[in-house]
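Structure first, then comments.
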Amino acid sequence: MKVVGLVSGGKDSCFAMMKCIEYGHEVVALANLLPANDSVDELDSYMYQTVGHQIVVSYANCMGVPLFRRRIQGSTRRHDLSYDTTPGDEVEDMFILLKEVKKQIPSITAVSSGAIASDYQRLRVENVCSRLGLISLAYLWKLDQSLLLQKMIETGIIAITVKVAAVGLNPSKHLGKEMSYLWPHLLKLNELYGSNVCGEGGEYETLTLDCPLFKYARIVLDEFQLVLHDSNPIAPVGILHPLTFHCEDKSKSASVSDVNTSNGFNLENMGSIIEVQNESPDISELKSQSSDFAYDVAELEKHKPHMSKTKMKNTFSICCWLQDSNGTSVGLQEDLKIILLKIESQLSEIGFSWENVVYIHLYVSDMNMFAIANETYVSFITQEKCRFGVPSRSTIELPLHQVGLGKAYVEVLVANDQTKKVLHVQSISSWAPSCIGPYSQATLHKEVLHMAGQLGLDPPTMSLCSGGPTAELEQALVNSEAIAESFNCSIGTSAISFVIYCSKSTLTLDRVSMEEKQKAILGQMKLLNLDQKRLSGVLNPVFLYVFVPDLPKRAFVEVKPMLFVEDVTKTEEVDDDHVMLTHKGIPFDICFQSEKWHDECLQKCLIHGRICVVILSITSEIAEKICSDADDLPAITIEEKMERVAKFCVLRLDKVLLQSYFSWDDVTNMRIYFSTSQAISHETLSFIFKRSYDKFAETSKKMKTCEEPIFNVVPVIGAGSSATSIEDMITCELVARKS
């Protein structure tokens with residue numbers, strides 16, 4: 001990609017551009033924001049470093065690329081972490097600056113910034129990039145600051161301090177000093193006071209005088225003045241004000257466009273400097289707009305979308321699909337529009353909107369149509385509609401057509417409050433895969449962390465790692481761990497469940513290797529976290545392997561973890577009436593005598609009596625045992641067999657809920673995965689399970705029957721509790737939680 005580098009003069013922005021080049025990108029322009037008044041060194045800005053701005057003008061000649069500069073007109077109008085377009089805010093100066101860069105150099109597709117730990121700055125750069133159709137590159141994001149500073153020094157960045165403002169840093173001693181000299185002292189301050197080694201907390205600011213990017217000249221600071229801004233005895237604040245400087249020529253062998261090397265470098269003979277004044281009126285903002293799909297009630301009735309919905313009041317799931325037994329579906333785009341519109345209308349009927357959605361499962365019939373599906377998706381779910389953060393998402397190809405369904409199938413998890421915490425990093429970095437668009441890496445809601453499906457992507461390149469399925473699984477788990485650490489937890493000690501999607505192209509030997517690798521990696525992570533005394537209420541997570549036709553980017557594997565993140569402020573409350581209520585009903589053993597294999601087909605994870613996750617796997621062998629009382633077992637039809645299996649599943653799950661002091665009203669979502677090899681339609685199986693559930697509801701008096709089923713029936717190639725066992729006829733995945 002061709003990149004414009006945001007430069008402040010500091011070491012971080014320069015090293016970020018060096019990383020861009022390392023990953024194969026080309027820095028073709030620089031962009032800098034400076035005070036409106038040349039005599040001002042520092043602005044009261046949360047966004048921009050301006051100390052040393054007098055020298056940044058030299059960077060064009062030092063690097064041989066044009067420098068676009070704009071004087072900051074705005075101020076900090078929007079103080080909260082998130083940012084929307086705000087007239088008069090200093091962020092709009094960046095927008096105007098980068099818009100002009102894009103206008104003059106249309107080939108630019110990405111923006112580099114030196115953000116390391118500041119969500120405030122990263123989110124604002126991402127906002128501007130999103131509006132201009134650019135990609136944010138933040139290759140320093142979340143890197144270990146001690147190692148990062150060491151690497152900067154080792155790779156030849158010569159930077160001096162131009163501001164100090166922290167305990168242990170004295171303006172008279174430490175201003176104007178090179179980072180190689182200060183490095184041991186900064187490490188010591190980190191040990192003593194926890195200060196940021198790279199100065200991310202405002203402890204100090206730097207000015208780069210030379211680095212490998214400066215191919216044609218280095219900067220020499222001839223004269224400067226130390227200015228004391230605050231004489232606080234604990235943490236005095238001082239800045240370095242440049243008085244005179246010059247550039248020393250590095251290369252006599254090559255001429256550079258817009259750079260006159262014959263007479264050396266001086267302020268009168270600089271390279272290409274473009275001053276950006278007011279916003280260009282002829283370039284419209286490229287912010288994506290929601291499409292207006294005019295579907296009325298009559299249109300929805302014509303397509304007759306089907307729904308399922310769980311009954312929990314606080315957190316519940318809605319699923320929507322189209323029956324297409326006669327093959328009348330127009331296409332993926334049309335089907336997905338109808339489904340999303342139906343969900344949107346359902347949310348509206350209960351006073352909700354997309355901002356209440358925590359997680360979305362997007363199932364499509366053909367991964368080759370992913371771009372079309374995504375285009376349709378982003379026309380409904382936008383950042384503007386989701387004020388509290390966009391939902392996390394997983395996208396999977398399913399064999400929908402084989403079971404009489406349309407070309408799209410969507411499930412959403414909905415919350416009736418706005419307490420969710422969303423992690424949405426759109427910048428490409430070395431930290432974890434970016435989410436460029438209205439879908440986030442993870443969403444935390446009421447102690448449950450719902451993580452987006454993770455592919456085995458190499459974060460800085462966003463390409464699938466080489467090495468096949470096992471390597472992809474390992475990278476996907478590493479990516480998941482990076483996301484978990486952002487919530488101060490680990491997949492090794494906090495995971496409730498793992499759903500591991502495998503494409504049909506994974507071979508049996510690959511699946512064996514994958515499962516061994518998964519156990520080894522999670523075991524190592526668990527030991528590491530236990531050594532660091534990072535404990536959790538989770539003892540053993542449940543595992544579900546789901547085999548599907550295809551995954552995004554033709555990946556072999558996609559990992560979807562769900563984690564428990566305990567709220568230490570939460571007080572334990574027990575509803576005795578509710579507990580008594582869950583004990584009423586018909587015992588399981590009246591219908592099925594208790595057998596050892598009843599537990600062998602079950603995985604359960606129970607956390608503090610607040611969260612219960614169950615995986616119930618019905619293999620062909622277990623189905624034979626369930627149907628063993630049939631009068632003529634060899635002649636039993638698939639529908640009759642499924643009747644007995646459905647009855648068993650409902651009763652077995654009820655017993656688990658009962659024993660764990662949960663009820664069906666606590667269920668937030670329930671999926672029934674079934675193999676297409678069973679040669680039964682989605683419509684038939686849904687009817688069988690709903691009838692079994694309704695009969696049990698009427699008999700037990702534990703719950704009321706509903707018009708829609710409470711479960712989602714999901715067609716797959718196969719499923720199982722391990723990577724090597726994919727012969728399940730039916731696999732039930734149930735999540736329940738106390739409100």
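Along the range 683-697 the Karplus relation, 6.51 cos²θ - 1.76 cosθ + 1.60 evaluated at θ = phi - 60°, assigns HN-Hα couplings of 4, 5, 5, 4, 4, 4, 5, 5, 5, 5, 5, 5, 4, 5, 4 Hz to successive residues, with x for each Gly and Pro. Counting only Cα atoms, the range 397-540 measures 50, 44, 32 Å along its principal axes, largest extent leading. With Cα atoms defining each centre, the range 674-695 and the range 126-198 are spaced 59 Å apart in the structure.
Within straight-line reach of Lys519, meaning a Cα separation under 21 Å, sit the following lysines at least 8 residues removed in sequence or on another chain: Lys533, Lys560, Lys604. The Cα atoms of the range 1-105 define a convex hull whose projected area, averaged across directions, is 7.1 nm².
For Ile730, nonlocal amide neighbours, meaning residues 5 or more places apart or on other chains whose placed amide H falls under 5 Å from its own, are Ile618.
In the range 375-454, the alpha-carbon atoms span a convex hull of 125 Å³ per residue. Geometric descriptor of the range 589-739, per residue, is 118 Å³ (volume of the convex hull of the Cα atoms).
Of all lysines in the structure, the ones whose alpha carbon falls short of 24 Å from that of Lys385, not counting any fewer than 8 places away in one chain, are Lys287, Lys309, Lys313, Lys337, Lys342, Lys420, Lys421, Lys446. What is the chain's relative contact order, in percent, from Cα pairs under 8 angstrom and six or more apart in sequence? Rounded, it is 10 percent for the chain. P(r) tail, the range 80-122: Cα-Cα pairs separated by more than 16 Å, 50% of all pairs. Partners of Lys163 within straight-line reach, counting lysines whose Cα lies under 17 Å from its Cα and excluding those fewer than 8 residues away in the same chain: Lys11, Lys173, Lys177. Taking all protein chains together and a 1.4 Å probe, the residues Lys188, Lys99, Lys655 rank Lys188, Lys655, Lys99 from largest to smallest accessible area. By how many degrees, between 0 and 90 and to the nearest 10, does the Cα long axis of helix 370-380 differ from the longest principal axis of the chain? Taking Cα atoms only, the helix is inclined about 80 degrees. With the gyration tensor restricted to C-alpha atoms of the chain, the semi-axes of the equivalent ellipsoid amount to 56, 27, 23 Å, longest first.
Ranking Arg737, Arg71, Arg554 from most to least accessible surface, computed with a 1.4 Å probe over the protein chains only, gives Arg554, Arg71, Arg737. Helix 91-104 and the longest principal axis of the Cα set of the chain meet at an angle near 80°.
Rounded to the nearest 20 debye, the dipole magnitude of the chain is 420 debye, with +1 charges on Lys and Arg beta carbons, -1 on Asp and Glu beta carbons, and the Cα centre as origin. Here is how the number arises for the chain: DSSP H runs of 4 or more residues each give -39500 (n - 2.57), the sum is divided by the residue count, and the result at 222 nm is -9000 deg cm²/dmol.
When you restrict to C-alpha pairs under 8 Å that are six or more residues apart and normalise by the size of the range 693-739, the relative contact order lands at 18 percent.
Computed 3J(HN,Hα) for the range 660-677, one whole-Hz value per residue from the Karplus formula 6.51 cos²θ - 1.76 cosθ + 1.60 where θ = phi - 60°, is 9, 6, 10, 10, 5, 6, 8, 6, 8, 7, 9, 10, 10, 7, 9, 7, 5, 5, glycine and proline marked x. Under 5 Å between amide hydrogens, built in the peptide plane, is the criterion, and for Ala159 it picks out Met179, Ser180, Leu209 among residues at least 5 positions away or on other chains. Each 5 Å bin from zero up to the one holding the largest Cα-Cα distance in the range 354-402 carries the following percent of pairs: 5, 20, 26, 22, 15, 9, 3, 1. Roughly speaking, to the nearest percent, how much of the chain's 1.4 Å accessible area is carbon and sulfur? Percent of accessible area from carbon and sulfur atoms in the chain: 50. Ordered from highest to lowest accessible area with the whole protein assembly present and a 1.4 Å probe, Leu123, Leu530, Leu140 read as Leu530, Leu123, Leu140. One Cα centroid belongs to the range 418-457, the other to the range 1-51; the line between them spans 27 Å. Sorted on the mean count of surrounding Cβ atoms within 10 Å across their residues, most packed first, peptides 393-402, 373-382, 514-523 read 393-402, 373-382, 514-523. Over all pairs of different C-alpha atoms in the range 77-203, the reciprocal of the mean inverse distance, the Kirkwood hydrodynamic radius, equals 16.6 Å.
Along the range 460-473 the Karplus relation, 6.51 cos²θ - 1.76 cosθ + 1.60 evaluated at θ = phi - 60°, assigns HN-Hα couplings of x, 9, 6, 10, 4, 5, 7, x, x, x, 5, 5, 5, 4 Hz to successive residues, with x for each Gly and Pro. Overall, the anisotropy analysis places the range 307-465 in the oblate class: the square-rooted eigenvalues a ≥ b ≥ c of its C-alpha gyration tensor yield a/c not less than 1.5, with a/b not exceeding b/c.
So, for the chain, what is the accessible surface per residue at a probe of 1.4 Å, expressed in square angstrom? Counting only protein heavy atoms, the per-residue value for the chain is 41 Å². Axis angle, to the nearest 10 degrees, between helix 508-531 and the longest C-alpha principal axis of the chain: 60 degrees. In whole angstrom, the range 94-162 maps to an equivalent ellipsoid with semi-axes of 27, 14, 11, each derived as √(5λ) from the alpha carbon gyration tensor and ordered largest first.
The values are calculated or read from the model by the stated rules, or taken from the named source; none is laboratory data. Computed from a predicted structure; not experimentally measured. Positions of Cβ are backbone-derived with ideal geometry, glycine not excepted, and every protein chain shown enters the neighbour counts. What goes into the accessible areas is simple: the full protein's heavy atoms, side chains included, and nothing from ligands, DNA or RNA. Shrake-Rupley method; radii C 1.70, N 1.55, O 1.52, S 1.80 Å.
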